[in-house]
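The values are calculated or read from the model by the stated rules, or taken from the named source; none is laboratory data. Computed from a prediction, not measured in an experiment: that's the story for all the values here. Neighbour counts run over all protein chains shown; Cβ positions are idealised from the backbone, glycine included.
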Amino acid sequence: MARNKIALIGSGQIGGTLAHLAGLKELGDIVLFDIAEGMPQGKALDLAESSPVDGFDSGLSGTNTYEGIEGADVVIVTAGVPRKPGMSRDDLLEINLKVMEQVGAGIKKYAPDAFVICITNPLDAMVWALQKFSGLPANKVVGMAGVLDSARFRYFLAEEFNVSVEDVTAFVLGGHGDTMVPLTRYSTVAGVPLTDLVKMGWLTAERLEEIVQRTRDGGAEIVGLLKTGSAFYAPAASAIQMAESYLKDKKRVLPCAAHLDGQYGQKDMYVGVPTVIGANGIERIIEIDLNSDEKAMFDKSVASVNGLVDACKKIQPALA
Ligand code: A3D
């Protein structure tokens, strides 16, 4: 059986890490695309030279033309600019929207059957625009944010309780931004909800709120430390988990920015919800019951994403 083909649009910090992880996991042959000449070729060669050491067989190549992504099974998009200290994700909107237009056209022409994972920020608005620009079916275009936001929440909780990260599950809903909604009663340690752990005295409600806030600010914390860009190891690992679930038809239940068509009372928008990812892309959107507090937080998050989508429509009227 021929190997799968994975195209990475954008070969910067996240793109390079995606290529490395996809190689180590032997997910398929990997093509790195970027507008910077020589850079994707250089990263591909460097990674290929690591393959004999790590023992993986993946073709690795770099390209500056969209022909190179032809027939890709998975496309992961990180093209654009990341945040610098003091910038919000929303500050990236105008420049990255133009990038999504080019990327969408490239995917439409050369990889119309791919499963497309968008990482470029501001995430929920960019994945919405990318789906429109590419014209691909909405179940095949998805945004990565929830897996990363949940992973941050899980890590902070595991650290707090001094337990394995493997035994902590977490649920984060809503847009990728300051309004994201970490759901404490659906997040657990070995199946015990955080709300019960508060009653059991594992932590106070105030401490839990601090951890929730640190999760919301997780991206800014890294930007503040790195100073030259934003997080890339954990975002790449998160997108690879989504790609793997698609390629291996694992049907993982993962929170992703998915296209809503009536679910959660929303029409034609992308926002973070629990999904099932399998060979048909987003195979299911799981609608969980939200209590009134959670619903209020979710609605606020939706309003903030809608504001960004409206800004996209103003910049590019073809999207309206
Ligand atoms: P960076 O290392 O700058 O890589 C971006 C790459 O995109 C660069 O190599 C550019 O040359 C390339 N590029 C720019 N314009 C184009 C274009 N028109 N076509 C093709 N390539 C282009 O950034 P990064 O890898 O650190 O981050 C990439 C994106 O991911 C940014 O928008 C970040 O804000 C975003 N990001 C999202 C998350 C989420 O959780 C959603 C987390 C971290 C970063």
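List of remarks:
- Residue within segment 140-158 that is within 15 Å of the ligand (Cβ to nearest atom) and in a loop (DSSP other than H, G, I, E, B) present: yes
- Candidates ILE285, ILE211, filtered to the one that is among the hydrophobic types (A, V, I, L, M, F, W, C), within 16 Å of VAL141 (Cα to Cα) and without any contact (Cβ under 8 Å) to a residue 60 or more places away in the chain: ILE285
- Checking each residue in segment 1-60 for being out of contact with any Asp or Glu (no Cβ under 8 Å at 6 or more places or on another chain) and acidic (Asp, Glu) picks out ASP29, ASP34, GLU37, ASP46, GLU49, ASP54.
- Criterion: out of contact with any Cys (no Cβ under 8 Å at 6 or more places or on another chain), farther than 28 Å from ASN280 by Cβ, modelled with pLDDT under 95 and not assigned by the TED database to the domain that holds ASP310 - qualifying residue of LEU92, LEU47: LEU92
- Being touching a residue at least 12 places away in the same chain (Cβ under 8 Å), of a type outside the set (A, V, I, L, M) and out of contact with any helix residue (DSSP H, G or I) (no Cβ under 6 Å at 6 or more places or on another chain) is a property that GLY55 lacks.
- Among (1) surrounded by fewer than 18 Cβ atoms within 10 Å (Cβ to Cβ); (2) within 13 Å of the ligand (Cβ to nearest atom); (3) not in a helix (DSSP H, G or I), the one test that ARG3 misses: (2)
- Within the option set LEU130, LEU123, being closer than 17 Å to ASP310 by Cα and touching a His at 6+ places or on another chain (Cβ under 6 Å) holds for one residue only, LEU123.
- Options PRO52, PRO82: the member that is in the same structural domain as ILE117 (by the TED database) and farther than 26 Å from GLY106 by Cβ: PRO52
- Which listed residue, of ALA279, ALA239, is modelled with pLDDT of 95 or more, closer than 29 Å to GLY16 by Cβ and within 16 Å of the ligand (Cβ to nearest atom): ALA239
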